[in-house]
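The values are calculated or read from the model by the stated rules, or taken from the named source; none is laboratory data. Just so we're clear, the structure is a prediction, and the values are computed from it rather than from any experiment. As a convention, Cβ positions derive from the backbone with ideal geometry for all residues, glycine included, and neighbour counts pool all protein chains shown.
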Amino acid sequence: MFSRLVSRLSDKTTMILLLMILVFAGLSIIYTSNITTVALHDQTREELGDIAATIALDVDGDAVAAIRPGEEQSPAYASLSENLLRYKKVLPEIESIYIMRREGSNAVFIVDPDTGNGKRTARIGEIYPSPSGEMMAGFTATSVEKEFVTDSWGTTLSGYSPVRDRNGTAVGLIGVDINQELALTRQNMISWTSYMIIFLAILMAVFGVVGVEQIRSRMFQDLTDREKRFRTLFESTYDAILIVRSGVFTDCNRGALRLFHCSKEEIVGKTPSDFSPPAQPDGKDSKTAIAESLAQALGGESALFTWKYRTLDGIEFDAEVSFTRIELDGEMAVQAIIRDITERKRAEDALRQSEQKYRILSESSPDAIFIVDGTHRILYANMLASTLLGEGLRDVIGATKDKPAQNPNQQERPDLIKNVLANGQIVKREDKLTSRNGKAIWLDSTFMPLYEEGGGAYAVLGVAHDITDRKTMETQIESSLREKEYLLKEIHHRVKNNLQVISSLLSMQARKTDDPKVKDTLTDSQNRVKSIALVHEKLYQSKSLDRIEYGDYLTKIVTYLLESFNVNPAQVSWKANAKDVYVSIDQAVPCSLIINEMITNSLKYAFPQGRKGEITISFTLEDHNYILDYRDNGVGVPPGANLERAGSLGMQLINGLTRQLDGKLSIETAAGVHYTIIFPQKQKGE
């Protein structure tokens with residue numbers, strides 16, 4: 001009985017001990033599981049914040065600040081998207097990675113690249129609904145959500161870190177999301193293990209050490225993997241990244257080796273001032289200035305500045321430097337990110353010099369130069385445009401509602417600026433306006449479109465030259481020309497009158513003589529004078545004083561000669577064709593005398609004893625050569641006669657005047673008489 005009692009007592013004690021072990025083991029496992037879960041949760045949040053902070057340092061803040069809605073196809077957007085996707089590739093546990101910008105109390109998306117997870121991407125300017133306090137805090141400092149957040153993109157744990165421009169101003173944030181399932185995998189594994197150990201308390205007590213060791217190994221392996229990922233990220237960044245502890249470099253990536261042209265052993269242990277000239281371009285001592293920046297960073301305030309560095313082999317270069325405080329192994333350190341901006345500085349200097357050069361050229365130009373946008377807003381005007389034109393420039397470029405034109409007539413013109421921007425054509429025109437001093441001035445202006453890199457015209461460049469003196473001179477010349485034109489017409493009129501007097505004297509002399517030969521000679525001379533007088537009459541009646549329209553002249557000379565010889569129109573008819581043919585005075589007089597002799601010969605000899613016939617005259621211009629084609633269908637000439645060698649005065653005049661015109665004469669007598677004279681058109685100045 002005692003033994004049974006002892007046995008029962010032993011069994012109870014065993015049961016109590018086992019129960020105690022079970023309870024103790026269960027409580028221990030639950031406690032360990034909770035502690036581990038919390039630790040892993042905090043560790044995940046810390047890791048997420050470090051990832052966001054590291055990526056934010058590598059994002060071009062100036063590009064983020066410049067992007068505007070609708071620029072999803074721009075090179076800047078593509079570059080930022082490609083940079084984010086590169087980190088997604090290095091860290092596959094990232095569910096989503098994006099850039100946001102703060103606008104008032106809202107957080108809006110700037111870059112949301114397609115990470116291949118099948119979820120939609122946000123557009124530029126899309127507002128994130130109901131941003132958390134941790135998200136809004138991420139615009140100023142690294143922040144991580146305390147718990148998982150569910151939105152239209154899923155349930156994730158998110159970390160944020162500010163993106164800064166070259167001046168250190170926060171212009172946005174980097175957001176990094178980890179999927180809930182991935183983040184809870186390790187926690188669920190431990191929780192499941194805890195529940196199993198509650199039911200297997202004895203086995204847990206026996207194999208507890210092994211389980212703890214396994215957990216430790218997994219945590220150690222996880223930390224090792226995480227360190228590898230950060231090392232990969234650290235080394236894959238093209239910029240130089242260095243760690244500064246106690247004022248000296250303790251670590252660096254391959255970018256630093258490229259930048260300073262040396263090995264890692266040559267960098268570690270040296271101070272930042274060892275890679276700097278004694279003094280910076282602004283005269284500051286390098287050691288003092290770098291110490292101040294390090295102290296600022298260790299104080300929690302990020303430092304962003306430009307710096308002149310020098311490699312160990314003496315090559316100096318310009319760099320953009322960012323100092324940020326980080327914690328390593330429980331000790332505060334400074335992470336330095338250095339970017340070589342030598343080429344950018346050269347480009348900026350070249351651009352500055354170019355702008356200065358063109359500004360000097362513009363300001364020293366004798367022309368007014370200005371740039372106007374599509375709303376007629378003056379973007380630039382050189383000194384001459386400002387002082388010479390003033391508000392009168394509105395009369396050139398067009399008026400707006402708030403800036404009316406001084407000249408009301410200018411408002412009726414088509415919108416010049418909009419036409420140039422729409423058509424892309426260069427426009428030239430002259431304008432009259434009033435300058436600042438109240439004087440009327442004339443401008444000869446040229447307007448041409450200015451294009452953006454994308455190809456669209458955004459403004460109009462105007463160059464205006466003061467032609468007031470030229471206009472004044474043109475007015476004077478025009479007045480002088482009108483005066484000379486009047487005098488020339490008066491001269492031609494008087495010459496015509498004098499020739500008319502001579503013709504009248506010859507007519508009077510012919511009437512007083514009874515000798516038929518003398519009468520014919522005087523009549524022929526009278527007709528020749530009349531033909532010349534008609535040329536001068538046409539000249540002073542013409543708009544041009546150096547040439548006459550020959551069709552009307554032919555009509556008048558033929559009509560006059562028919563009347564002079566008392567020819568019945570029913571007996572001899574005539575046709576003349578010389579429409580729109582103009583002849584200079586130097587060629588009109590000899591040509592007119594030739595035609596006079598041809599008509600006179602026809603009227604005298606071609607139609608004897610009332611014979612009927614026709615005279616046809618054609619005067620044309622072909623390939624800068626005049627062609628005079630004259631023919632009659634009269635009796636012709638006796639067989640064997642040669643008109644070209646005839647000794648009559650008329651033929652002598654025809655031959656001599658043809659040579660004077662540098663022409664060629666041909667005569668056909670097969671049926672009547674057919675003259676053809678071809679002579680070159682004389683140009684002005686010949």
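Being part of a helix (DSSP H, G or I) and at pLDDT below 90 is the requirement here; does Gly255 meet it? Judged against the criteria, Gly255 is a match. For region 347-369, the condition holds for no residue, the condition being that it is part of a strand (DSSP E or B), within 42 Å of the chain's Cα centre (by Cα), over 30 Å from Pro162 (Cβ atoms) and among the basic types (Lys, Arg).
Within region 584-602, being touching a Ser or Thr at 6+ places or on another chain (Cβ under 9 Å) and under 11 Å from Leu661 (Cβ atoms) holds for Val589, Pro590, Leu593, Ile594. Of the candidates Ile599, Ile548, Ile627, the single residue that is of a type in the set (A, V, I, L, M, F, W, C), within 24 Å of Asn655 (Cα to Cα), buried (at least 21 other Cβ atoms within 10 Å of the Cβ) and modelled with pLDDT of 85 or more is Ile599.
Restricting attention to region 92-127, the residues that are closer than 17 Å to Ala170 by Cβ and in a loop (DSSP other than H, G, I, E, B) add up to 2. Here is the figure for region 245-265: residues that are more than 19 Å from Thr342 (Cβ to Cβ) and buried (at least 16 other Cβ atoms within 10 Å of the Cβ) total 4. A search for C-beta distances below 6 Å between a residue of region 322-340 that is closer than 21 Å to Arg258 by Cα and any residue that is assigned to a strand (DSSP E or B) and acidic (Asp, Glu), counting only pairs 6+ apart in sequence or on different chains, returns Arg339/Glu320. Among the numbered criteria (1) of a type in the set (S, T, N, Q); (2) out of contact with any Ser or Thr (no Cβ under 9 Å at 6 or more places or on another chain); (3) not in a loop (DSSP other than H, G, I, E, B), which single criterion is violated by Ser130? Failing condition for Ser130: (3). It is to be established whether one or more residues within region 334-355 are farther than 30 Å from Glu47 by Cα, in contact with a Phe, Trp or Tyr (Cβ under 8 Å, 6 or more places away or on another chain) and modelled with pLDDT under 85. Checked region 334-355: at least one residue is farther than 30 Å from Glu47 by Cα, in contact with a Phe, Trp or Tyr (Cβ under 8 Å, 6 or more places away or on another chain) and modelled with pLDDT under 85.
Among the conditions (1) among the polar types (S, T, N, Q); (2) within 19 Å of Val163 (Cα to Cα); (3) in a helix (DSSP H, G or I), the only one that Ser273 does not satisfy is (2). Please indicate, with yes or no, whether at least one residue in region 287-295 is exposed (fewer than 13 other Cβ atoms within 10 Å of the Cβ) and on the phi > 0 side of the Ramachandran plot. No. Selection within region 279-298: residues that are in contact (Cβ under 8 Å) with a residue 12 or more places away in the chain and more than 13 Å from Ser322 (Cα to Cα). The member of this set that is nearest to the chain's Cα centre (by Cα) is Pro281. Scanning region 233-256 for residues that are within 41 Å of the chain's Cα centre (by Cα) and not hydroxyl-bearing (Ser, Thr, Tyr) gives Leu233, Phe234, Glu235, Asp239, Ala240, Ile241, Arg254, Gly255, Ala256.
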